[in-house]
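I have placed the structure first, in the form of structure tokens, so that the comments after it can refer back to it.
The values are calculated or read from the model by the stated rules, or taken from the named source; none is laboratory data. Just so it is clear, the structure is predicted and the values come from calculations on it, not from any experiment. A quick note on method: Cβ atoms are made from the backbone with ideal geometry, for glycine too, and the neighbour counts reach across all protein chains shown. Protein only, heavy atoms only, side chains kept; ligands, DNA and RNA dropped before computing areas. Shrake-Rupley method; radii C 1.70, N 1.55, O 1.52, S 1.80 Å.
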Amino acid sequence: MTCDRAGTIEDSLKRSAQFRKITGKNKDKELVIIRNNRAISKHFPCTLINKEDRLTVKFVKAVELPKKPVGAYVSLCKNKPASELVSFHVVTKGGKDIVKILNNRALRAVADEITIYAYKGEKVKHALKRDGRLLSTIFKKNFVLLNRSTQVKTELSNIVDELNDETFQITLLDKSRPPQSLSGSLDEAYLLTNENQSQSESENDNTIKQECNDNITSGNELQEIPNSKSMKSQLCSRFEESVRALKSLAPNPSHIQNLLRVNFGQSAQMCREVKAMKKLMGLSDSVCQVRINGVPNGTGFLLFGRYVLTNGHIIQDIYDEKRCKLISKVSVHFSYDSVEQTDGALDVVEVVGIDCSPEVPGGDWALLKLRDNQKLATALLKHSGFLPSDSGICIIGHPDGGVKKIDPCLIVPSHSRIQVANRHHRENLEHVQLISNGFFLSVAKSIHQKSFLTYESCFYHSSSGSPVFDKHSDVVAVHSGGYIYESARGEIQSVIEFAHPLPAIMERFIIQMVERQNYDVLKEYLACSYALHENVMDGVKNLVERRNLVRFKNAVNNFFAVADQIEESLYRFFEFFQKNEPIPMDIC
């Protein structure tokens, strides 16, 4: 066979009379094409087939599947050279608890692996879904691709560029639901649009030509377009609705004036002095990406000494709380500002404290200890401030596992949170079949009752643990999460995002260090002066009394039993919890 035009393998085969004859004898079976002992899809692009490749055509028992238009893939393959495509291989048998991965198990009898093609810049999940041979149910599980050679795990949100000619096994990461990934440069909505468009072009091309020929009569008389009455009725109806909508908007200039005035005011709140921005850019060097086994999983920042603060939920699944030990390798990267940077990894040697109570203000944090022999940036604890009630803020982090970014946004005051939820509800009224009306109401009620910092940001996945800076470039909170949903346009959106106040985190950190008698960490903490210290100490004392933390009180009493062996700073620190006076801090 000679493939002399852009298209798929099946398109080329259908031009062969011999193939059409064989296909006619196997109408009730599924076509399988083997290359190098691997099964490729029938919509595999011809551009990825080399001249010396030998393909074997087989037919196996078919299963009932929704038919996808081959024309869709032809359209996407047009003008796509092999340099813009990649292909990788997946073993036909999955790992533990996810063994069955194929729609048609008969494939396993003819090939041990399947080859999947993808477009550079595309995400792994989109390539696997478009291939069509994998069970749709596995995408409801939290699985990854395990490289058979290197044992490196690749998440579905990763792009495919580095996977070319590698072999993987689908392996279950854990039994939780898979995280929702943000759309990439080639998202599912884009592919779906192209497929539908191509299908229409493929199915209607010959029909349109025939209708045009039929409409040209010998006398060149104009005739009605076939099946056009329904289209005319719909167009007229939509036109009338559009006119009514425009008329209802036109006579209300005061509404437009108010809208412009509100937007102008919000933009002014987001403006920053150059001096503050310069300070913020300098402090951004203290923000790092948190990676687990080399895979981006969140954001963190240097708090004090050699300790990095991040969210507890980022490392919760790889931390053995009974043995107080990490079960996977964790590293931080302070200099990942561009995709070309691959070095600068700093290893985490210990988790000195962790709290995974995300529903409680200040209850989602982890403090990671780095090695001693590492040069570090500025500690952000001494650049911390009080939680603002309104105005603009800036978040610095690594959203979607990418390079370091900054997002200036506006605080949503507690009295405005319900309005934000209602706005998202109005924008998705046509999407009620997928999003319950109660979803937005429950979000509004849930977030309205919590003492979090709330705002609207574009920082979603892998940005948890990012520092939130106020207009003075002081850290005031830790970005932790949001209420994710899929909009009517198929885009991943969040109703509202929230952050845990830094003072609340510091209070719970101090209580945990005292209860664990981790005096070395407390000494390094006390060696760093910051404006909120006295407020935090008062908050700790109130929290201990309000919740009657007996373990904390016992730890304070035990300390004084060996007080002559402890440094003065620690002595004054513990003394505070027996006397009602502020404790001064040393200067960094």
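Miscellaneous remarks
- Net lengthening on full extension, K325/V295 (0.36 nm per residue, minus Cα-Cα): 8.9 nm
- Using a probe of 1.4 angstrom and keeping all protein chains present, the accessible surface of the range 466-541 works out to 29 square angstrom per residue.
- For the range 326-428, a simple Cβ point-charge model (Lys and Arg +1, Asp and Glu -1, everything else neutral) yields a dipole of about 200 debye relative to the Cα centre.
- Taking a ≥ b ≥ c as the square roots of the eigenvalues of the alpha carbon gyration tensor, the range 285-354 is prolate, as a/c is not under 1.5 and a/b beats b/c.
- Highest to lowest packing among 280-293, 451-464, 495-508, scored as the average C-beta count within 10 Å: 495-508, 451-464, 280-293
- Prolate is the label for the range 484-523. Its Cα gyration tensor axes, ordered a ≥ b ≥ c, give a/c of at least 1.5 and a/b above b/c.
- Signed unit charges on C-beta, dipole axis of the range 280-394, positive-most listed residue N311, A366, S389: A366
- Legend: residue pairs K382/K471; K140/K405; K322/K553; K175/K322; K96/K129, Cα-Cα distance threshold 27 Å; pairs beyond threshold, K140/K405.
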